[in-house]
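Peer 1: I'd like to ask some things about the structure below.
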């Protein structure tokens, strides 16, 4: 039942933007695509890439998140469901991990799935400049970007936007 609902939402979003021209001037982003192997985040509108960004992943970047504390970034379909400013990571947007599949997998193993997976900026740290973080996988499973990139995504991506995270 979830897939027909997701397809309905995607169809509704696509039809809602049928007369709109993709642009970075307005909130026409209908999907965020993260390709972990490429360390890239793509903003999409009606299947067209509007802009791409380099990302950092969890300290264990290969494979999907299996359980809390494994330092892996999830893989699958999720939603950007809320956002907040953060003293530690500039801006952050919550990814709706775990989904039903993630929960079932973790429960079958008898482990907690984890939570609080975010799309966020880079720490402001006098000892380590931003470029230091931008060149390695350093999060506990989140997806991190340079702060100016995160500020742009914050403006362009609304709550309720689909985010797909691929291997």
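Peer 1: Within the stretch 151-161, is there a residue that is modelled with pLDDT of 95 or more, crowded, with 19+ Cβ neighbours inside 10 Å, more than 23 Å from residue 60 (Cβ to Cβ) and touching a helix residue (DSSP H, G or I) at 6+ places or on another chain (Cβ under 9 Å)?
Peer 2: The answer is yes, given that some residue of the stretch 151-161 is modelled with pLDDT of 95 or more, crowded, with 19+ Cβ neighbours inside 10 Å, more than 23 Å from residue 60 (Cβ to Cβ) and touching a helix residue (DSSP H, G or I) at 6+ places or on another chain (Cβ under 9 Å).
Peer 1: Additional query: Return the residues of the stretch 103-121 that are touching a residue at least 40 places away in the same chain (Cβ under 8 Å) and part of a loop (DSSP other than H, G, I, E, B); say none if nothing qualifies.
Peer 2: The answer is 111, 112, 113, 114, 115.
Peer 1: From 76, 69, 58, grab the single residue that is closer than 16 Å to residue 160 by Cα and at pLDDT 95 or above.
Peer 2: 76
Peer 1: Identify all residues within the stretch 115-135 that are closer than 23 Å to residue 162 by Cα and surrounded by fewer than 18 Cβ atoms within 10 Å (Cβ to Cβ); write none if there are none.
Peer 2: Restricting attention to the stretch 115-135, the residues satisfying the condition of being closer than 23 Å to residue 162 by Cα are 115-122.
Within the stretch 115-135, 115, 116 qualify.
Peer 1: Just wondering, is there one or more residues in the stretch 117-125 that are at pLDDT below 95, in contact with a helix residue (DSSP H, G or I) (Cβ under 9 Å, 6 or more places away or on another chain) and more than 17 Å from residue 84 (Cα to Cα)?
Peer 2: Yes, the stretch 117-125 contains a residue that is at pLDDT below 95, in contact with a helix residue (DSSP H, G or I) (Cβ under 9 Å, 6 or more places away or on another chain) and more than 17 Å from residue 84 (Cα to Cα).
Peer 1: Got a sec? Which of 125, 137 is more than 19 Å from residue 32 (Cβ to Cβ) and in a loop (DSSP other than H, G, I, E, B)?
Peer 2: Values: 137 fails: more than 19 Å from residue 32 (Cβ to Cβ).
Just one listed residue meets the conditions, 125.
Peer 1: Sticking with this structure for a sec: Return the residues of the stretch 36-73 that are closer than 17 Å to residue 114 by Cβ and touching a strand residue (DSSP E or B) at 6+ places or on another chain (Cβ under 6 Å); say none if nothing qualifies.
Peer 2: 58, 71, 72, 73
Peer 1: Moving on. Identify the residue in the stretch 77-96 that is surrounded by fewer than 18 Cβ atoms within 10 Å (Cβ to Cβ) and either at positive phi or free of Cβ contacts under 8 Å to residues at least 12 places away in the same chain (or both) and, among all such residues, is farthest from the chain's Cα centre (by Cα).
Peer 2: Per the criteria, the residue is 87.
The values are calculated or read from the model by the stated rules, or taken from the named source; none is laboratory data. What you are looking at is a predicted structure, and each value in this text was computed from that prediction instead of being measured. No Cβ is skipped: glycine too gets one built from the backbone with ideal geometry, and neighbour counts run over all protein chains shown.
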